[in-house]
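Please read the structure below before turning to the comments.
Rule-based calculations on the coordinates, nothing more; no lab input. The structure displayed is predicted, hence computed values, not measured ones. In this analysis, Cβ positions are derived from the backbone assuming ideal geometry, glycine residues included, and neighbour counts consider all displayed protein chains.
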Amino acid sequence: MVLMGSAWGTKQEALLFLGGAGYLLGAPISHLAHGRGERAAGSFGLRMVAAGLAASAVFADFYLNRGCDPDAGPPCGAPVVGLVAGGAVMLGAAILDDLWLARGPAASAPALAALTPSLVVTSQFGLVSLAGRF
């Protein structure tokens, strides 16, 4: 979330995408690494909903509540209320993920087959891979 906030302040799209990928995929990859596939899916879904609500809060603050149209005239300023509300929703989802999904009972013995996801993001490209052990 710090990377996404830094991206907003510095207008660096690469930081925004890196922060977004870290927020959306970091915890689900950790759940998968610990053999909890169903928790990984729940974590990803929870974070996707939170990101959608955060984007909606920024949109509502910028366009609907203040009636701003950057194409029609001078800029209206940053949607501070939407950014704070969206950040609170995303932080709340991360806390809920930690309290509800990450702290459950220990995973059972690993299966014979295992999958290990990987994520690499640079300023030039992004790579998602999946390795398996059979």
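Give me the three principal axis extents of the chain from the C-alpha atoms, as integers in angstrom, largest value leading.
For the chain, the Cα extents along the three principal axes come out at 62, 34, 19 Å.
Among Ala14, Leu83, Gly35, whose Cα lies farthest out toward the positive end of the dipole of the chain, if unit charges sit on the beta carbon of Lys, Arg (+1) and Asp, Glu (-1)?
So the residue we want is Gly35.
Between Trp100 and Ala131, how many nm apart are label points set 7 Å from Cα along the C-beta direction?
Between Trp100 and Ala131, the label points sit 3.3 nm apart.
Helix 13-33: angle to the longest alpha-carbon principal axis of the chain, degrees 0 to 90, nearest 10?
30 degrees
Given a 10 angstrom Cα cut-off, can you work out which residue in Val84, Val120, Val58 is the most mobile in a GNM of the chain?
Of Val84, Val120, Val58, the Gaussian network model singles out Val120 as fluctuating most.
Let me make sure I get this right: for the stretch 4-65, a, b and c are the square roots of the gyration tensor eigenvalues over alpha carbons, sorted descending. Under 1.5 in a/c it's rounded, otherwise prolate if a/b > b/c, else oblate. Which is it? Please list the in-between numbers first.
Working: a/c = 5.17, a/b = 1.66, b/c = 3.11.
Note, shape of the stretch 4-65 comes out oblate.
Give me the distance in nm between label points sitting 7 Å out from Cα along the Cα-to-Cβ direction at Thr10 and Phe59, one decimal.
2.8 nm
So how tilted is helix 80-96 from the main axis of the chain? Cα-based, degrees 0 to 90, rounded to 10.
10 degrees
Once you mark the trypsin sites (Lys or Arg not before Pro) that are in a DSSP loop and have at most 15 other Cβ atoms within 10 Å, what is the longest gap between them in the chain? Numbers along the way, then the final one.
Values: sites that count: Lys11, Arg66, Arg103.
That gives 12-65 as the longest site-free run.
Show that you can apply the helix-only estimate: for the chain, add -39,500 (n - 2.57) for every DSSP H stretch of four or more residues, divide by all residues, and state [θ] at 222 nm to the nearest 500.
Values: 4 runs with 70 residues, N = 134.
Computed ellipticity for the chain at 222 nm equals -17500 deg cm²/dmol.
With charges only on Cβ, +1 for K and R and -1 for D and E, what is the dipole size of the chain about its Cα centre, in debye, rounded to 20?
Taking the Cα centre of the chain as origin, the dipole is about 420 debye.
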